[in-house]
Amino acid sequence: MRAKLGFAVTGLFVAALATSPAFAHHAFGLQYDAGRSTTLHGVVTKVEWTNPHAHFYVDIKDENGNVSNWNMELASPNALRRLGWTRDILKVGDEVSVYGAPAKDGAKMANARTVTLADGRKMVAGLSEKDAEQ
Amino acid sequence: MRRDFASCIVTVLCVAVVLFFPSTRAAGQENSDKHEPQGVNPAGGGVPAVSLKHLEAKTSGPTPRTADGKPDLSAVWGPGLNMGNIAVNLKPGDQLPLQPWALKLTQDRATPEAKRKDPKPNCLPDGVPREDPFPYKIVQTPKLIVFLLEGNVHSYRQIFMDGSGHPTDDLEPSYYGDSRGHWEGDTLVVDTIGFNDKTWFDGTGHPHTEKLHVIERYRRPDLANLEFEVTIDDPGAYTKPFTIYGHSPLLLNTDLMEYWCVENAAQDLIHIVGDSK
């Protein structure tokens, strides 16, 4: 419930995300469409704690019951550590909600802005202040 | 009496909430605070990195000094410029004095194909003055000042303070050039030449040539702030010198961390298809 409320609030700020925040490795707008930011719910299938961006993968079920695997990009491990993340904070099998911007090239990929963990904690996943505006 | 007791309970609970709440919002969890960039940059400074925001020193104090009385710049500092477009760091009203060819090259670099060739996402050094949203560390000694850079790649700059000048011959062009520094009062002045032309000034793609000459001026007016200005003189690409302004906040309770861009960068490059807006 807490997560749903949070994402309802974040939805109000989608328009504010159509900016070009500074990103560690590449300009955000080169790869992601902030204007189509959305919330995705699913089950973690893999975690890659790598530079320049950590990634995790989530099985997401659509309204017809079809499951697809999405690649969720995070900030770099050094930035994530400073945001309170640890490499084992996400575990395979965890149910999570991800608020993020989908890839412009149509890949099943998104840049995660916030991740609501299985225990309800809501973690900022992006790097810049504008990333956390939602 | 009963009402007084209830009122007392409410008051105690309110105080407890006020006292407890700040400590319950752990780093990285939702932070709705809107911080304005601090500092002297007349253009408003860079985009502060939220991952570093809670590490910025909240208190101030006098400028630390070394045994010889110079300001001691040694510390871990947050990034101080907006590097999406270097022009953002100009004084209001100023414009980049691009030569026509440099303007055209910048425009040509707006395509996804060109962005994939930006040295930064290819994990090459930033050059000067481009930054990343990661800390850097200054280590100051009387004869040598070292800038340790967490990103773009782990790298360093050496500022020679021994009174020597730039080499007069056989200066191999490099990403960070040859830097010689001296003090003008409490201002550290760093003069750098010998750059290669392989870096972009920013994500927009503003270019430079090997004629680039950079003069940086750093001041630590108090404990928690590092103010700087960077004058860029490149007669190969710009019609006249121009100056950008930055401010780095002192970071506490952190140190440089590893950041190895090259580890998995290829995964990102293939998805660069849009513009930077």
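The values are calculated or read from the model by the stated rules, or taken from the named source; none is laboratory data. Keep in mind the model is a prediction, meaning the values are calculated, not measured. A quick note on method: Cβ atoms are made from the backbone with ideal geometry, for glycine too, and the neighbour counts reach across all protein chains shown.
Assorted remarks:
- For the range B:179-191, the condition holds for no residue, the condition being that it is within 14 Å of chain A (Cβ to nearest Cβ) and under 20 Å from the mean Cα position of the chain (by Cα).
- Strands (runs of 3 or more DSSP E) completely within the range B:75-155 that count 1 or more residues being surrounded by fewer than 20 Cβ atoms within 10 Å (Cβ to Cβ): B:136-140, B:144-149
- Search result, residues across the range A:93-113 that are crowded, with 24+ Cβ neighbours inside 10 Å and on the phi > 0 side of the Ramachandran plot: none
- Residues in the range B:208-257 that are assigned to a loop (DSSP other than H, G, I, E, B), modelled with pLDDT of 95 or more and among the β-branched types (Val, Ile, Thr): B:THR209, B:THR239.
- Some residue of the range A:71-86 being farther than 22 Å from B:GLU263 by Cβ, among the polar types (S, T, N, Q) and under 13 Å from the mean Cα position of the chain (by Cα): no
- Residues of the range B:161-189 that are touching a residue at least 40 places away in the same chain (Cβ under 8 Å), outside any loop (DSSP other than H, G, I, E, B) and crowded, with 19+ Cβ neighbours inside 10 Å: B:LEU188 alone.
- When residues of the range B:51-94 are limited to those that are aliphatic (A, V, I, L, M) and closer than 14 Å to B:LEU188 by Cβ, the one farthest from the other protein chains (Cβ to nearest Cβ): B:LEU73
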